[in-house]
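Engineer: One structure, pasted below without further comment.
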Amino acid sequence: MFKNFLYSQKVAPYVFVLPFVLVFLIFWVYPLLSSFGMSFQKVTLGQEAQWVGIDNYTKLMSDTIFFKAVRNSGVYMILTLLILIPFPMLFAVLINNKFMWGREFFKSSFFFPALTSVVVAGTIFRLMFGEMEGSLINSLLGLFGVEPVKFLKGQVTGFIALVALASWRWMGVNMLYFLSGLKNIPDDYYEAASIDGASAFQKFTRITMPLLKPTTIYVLTISIYAGLAMFIESMMLWNGNNSPKNIGLTIVGYLYRQGIEKNNLGYAAAVGIVLLLITMVINLTQLAFSGMFKKED
């Protein structure tokens, strides 16, 4: 009977999906529900949790540092979207061109930074954008007679360093996504367009971009999440979670500050729930506008 149960065609599908379901329930659903419950409590290590209702959320709505972190994460997300979607797409189109030489070399060169530890990358960029005259960026600026800039002590210059780090690390990853999308576009479309006298720009705007829409939406979705959830890059760039005047503080960084550094786990859970809601609202909105929820005829 047990053998028949294991070899049953009705049971087999459930057995195959069971590992995913268990992992999803244990490592996603349970932590989410637990965090949601903690957000209504005052939780400190070594003490019994106390129910405080919506006090954590009320306090959050008047927390200027939290809104500073939200603004920083929002600006970072927008800047990375403006760079890490159009440029990887263009690079992918260039590398996918049949007249392009050294394709594999360029693919590897672009993807290699993603294999680098974010700790190592953050440290290198911190030294590159250091305020000393001998730092790499200041040395290059000095060639043009520009005085040394304290990049990591200003809001604008700090974000230049942060976005440069993100672009260097993730440009190649997004480019590979677009390359995989380009492989699914039949060459017949381009040949027909050439016969009709279409220019390269017309082929890109009328064929490539529309047929890359599913890939673009996917890259946009994960980039929104990655932008709002960014933390380690900022922490390594400023060598800690306390940047000058919180210019590099992100939502996850503020969650870490409250939960780990200040041992205020209930308040940190409220920050995490708000981050989840912000991410879901933005992503669901852009998916709705892109037509992903529409039924095909």
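The values are calculated or read from the model by the stated rules, or taken from the named source; none is laboratory data. A quick note: this is a predicted structure, and the numbers were derived from the prediction, not measured. Note: ideal-geometry Cβ built from the backbone for every residue, glycine included; neighbour counts use all protein chains shown. Accessible surface areas use protein heavy atoms only, side chains included; no ligands, DNA or RNA. Shrake-Rupley method; radii C 1.70, N 1.55, O 1.52, S 1.80 Å.
Engineer: Run the helix sum for the chain: -39,500 (n - 2.57) per DSSP H stretch of 4+ residues, divided by residue count, reported at 222 nm to the nearest 500 deg cm²/dmol.
Structural biologist: Helix-only estimate at 222 nm: -20000 deg cm²/dmol.
Engineer: To the nearest 0.05, what FRET efficiency results for Val119 and Val17 with a Förster distance of 30 Å applied to their C-beta separation?
Structural biologist: Between Val119 and Val17 the formula returns 0.25.
Engineer: Taking R0 as 51 Å, what FRET efficiency do you get between Ser109 and Asp55 from their Cβ-Cβ distance, rounded to the nearest 0.05?
Structural biologist: 0.45
Engineer: Another one. For a quick check: with amide H placed at 1.01 Å from N, whose amide H comes under 5 Å from Gln41's, ignoring anything fewer than 5 positions away on the same chain?
Structural biologist: Val52
Engineer: Moving to a separate point now. Which whole-number percent is the relative contact order of segment 64-141 (Cα, under 8 Å, 6+ apart)?
Structural biologist: Value for segment 64-141: 10 percent.
Engineer: Roughly to the nearest percent, how much of the accessible area of the chain is carbon and sulfur, given a 1.4 Å probe?
Structural biologist: Here it works out to 69 percent.
Engineer: Next question, about the same structure. Around Thr80, what is the net charge, scoring Lys/Arg as +1 and Asp/Glu as -1 over all other residues with Cβ under 11 Å from its Cβ?
Structural biologist: Residues close to Thr80 contribute a combined charge of 0.
Engineer: Can you list the lysines whose alpha carbon sits under 20 Å from that of Lys262, skipping same-chain ones fewer than 8 residues off?
Structural biologist: Lys42, Lys59, Lys68, Lys245
Engineer: Between Val29 and Phe144, 0.36 nm times their residue separation minus their Cα-Cα distance comes to what?
Structural biologist: Extra length from Val29 to Phe144 when fully extended: 35.9 nm.
Engineer: Something else: Using the heavy atoms of the protein chains and a 1.4 angstrom probe, tell me the accessible area per residue for the chain in square angstrom.
Structural biologist: Ligands and nucleic acids excluded, the figure is 62 Å² per residue.
Engineer: Could you bin all the Cα-Cα distances of segment 57-290 into 5 Å bins starting at 0 and give me the percent of pairs in each, rounded to whole numbers?
Structural biologist: Histogramming segment 57-290 at 5 Å steps yields 1, 6, 12, 14, 15, 14, 12, 10, 7, 5, 2, 1, 0, 0 percent.
Engineer: Now, a different point. List the relative contact order of segment 129-270 as a percent without decimals, with contacts defined as Cα pairs under 8 Å and 6+ residues apart.
Structural biologist: Across segment 129-270, relative contact order equals 18 percent.
Engineer: With a Förster radius of 51 Å, plug the Cβ-Cβ distance of Glu48 and Lys245 into 1/(1 + (r/R0)^6) and report the FRET value to the nearest 0.05.
Structural biologist: E(calc), rounded to 0.05, equals 0.90.
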